[in-house]
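See below for the structure under consideration.
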Amino acid sequence: MPTTLLMGVVGSTAYGLATAGSDEDRLGVYLADPEDVFGLHGPAALTGSRVTTHPDVTLHELYKFTTLALKGNPTVGELLWLDDYVVQTETGRALVEIRDAFLSTRAIRRSYTGYAIQQAHKLRTRHGEGKPGFAADLTRRTAKHGRHCLRLLRQARGLLATGYLTVDVSDQRDELFAAGELAATDPDAFAELFEREVARLDAIESVLPETPDTARVERLLVEIRLASAVRGA
């Protein structure tokens, strides 16, 4: 099996928003074997992911992970900001140590806001088409999507304002759950709340650079690949 460099618990558990029915999701980074990277199937090896269930674990190859993180992918990027890890090798620690190099104003605004708006639009469409019906399970899922839309916007606002991503938002738990219930019961009121949050995010003056420090990220990746190749020689 390829080497797992870094793995931690993410999702609702990490956010402090887990409920009795929440699963524990784990996300991680692995390093493909040099033989796979240098061979005919190199591109496939570099962009690979490994997903298992029971427990739910998603592992991305180092190249795929870094490219997603540089684009500001919220789910991927949060791995570098956890308080503790299930697996953390020396190389994994090196990734965490340069986590600020992945950040950029442009990517965070586009990814976090874009994803939240996409999810909010799906909520409105679901209500507009009368899909809720309102089955209990669908109501729960609608509420969950609503609170996570708001969470994304608030995490992005904090990240832009401070340069630090606060993953655990349990101090806002009651407020976020209330917003989720609003999404499930009163979509128009939720839309107004959502638009206010977007406006607050747009008004933030970012402390992040406009673009990520790709040179710094690339230096670490080259060091990791070369060290892996030498060990496998």
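The values are calculated or read from the model by the stated rules, or taken from the named source; none is laboratory data. Just so we're clear, the structure is a prediction, and the values are computed from it rather than from any experiment. In this analysis, Cβ positions are derived from the backbone assuming ideal geometry, glycine residues included, and neighbour counts consider all displayed protein chains. For the accessible areas, the whole protein counts, side chains as well, though only heavy atoms, and no ligand, DNA or RNA atoms are used. Shrake-Rupley method; radii C 1.70, N 1.55, O 1.52, S 1.80 Å.
Per residue, how much accessible surface does the chain expose to a 1.4 Å probe? Answer in Å², no decimals.
On the way: 12090 Å² over 233 residues.
Roughly 52 Å² per residue, with all protein chains present.
Provide the FRET efficiency to the nearest 0.05 for the E210-D84 pair, computing r from the beta carbons and using R0 = 30 Å. List each step's numbers first, then the result.
Numbers: r = 32 Å, r/R0 = 1.06.
Given R0 = 30 Å and the Cβ-Cβ separation, E is 0.40.
For a distance above 30 Å, tell me the whole-number percent of Cα pairs in the chain that qualify. When all Cα pairs of the chain are counted, 31 percent exceed 30 Å.
Report Rg(Cα)/(2.2 N^0.38 Å) for the range 153-209, keeping two decimals.
Working: Rg = 12.8 Å, N = 57, 2.2 N^0.38 = 10.2 Å.
So the range 153-209 has a normalised radius of gyration of 1.25.
Hydrophobic, long helices, defined as DSSP H runs whose alpha-carbon span along the helix axis is 30 Å or greater and whose mean Kyte-Doolittle value is at least -1.0, occur in the chain at 136-162. Taking amide hydrogens as placed 1.01 Å from N in the peptide plane, the amide H of L5 sits under 5 Å from those of V29, Y30, L31, each at least 5 positions away in sequence or on another chain. Taking GluC sites (Glu not before Pro) across the range 168-233, the ones in a DSSP loop with at most 10 further Cβ atoms lying within 10 angstrom of their Cβ are E205, E210. Atom-type composition of the exposed protein surface of the range 83-233 places 50 percent of the accessible area on carbon and sulfur (1.4 angstrom probe). Each of the peptides 137-146, 151-160 was scored by the mean count of other Cβ atoms within 10 Å over its residues; in descending order, highest first, they stand as 151-160, 137-146. Which is the longest stretch in the chain that no exposed loop site breaks, taking sites as chymotrypsin sites (Phe, Trp or Tyr not before Pro) with a DSSP loop state and at most 15 other Cβ atoms within 10 Å? In the chain, the maximal stretch lacking such sites is 1-133.
Label separation (V51 vs E175): 3.3 nm, computed from points 7 Å beyond Cα along the C-beta direction.
Modelled label positions at D100 and T13, each set 7 Å beyond Cα in the direction of Cβ, lie 3.0 nm from each other.
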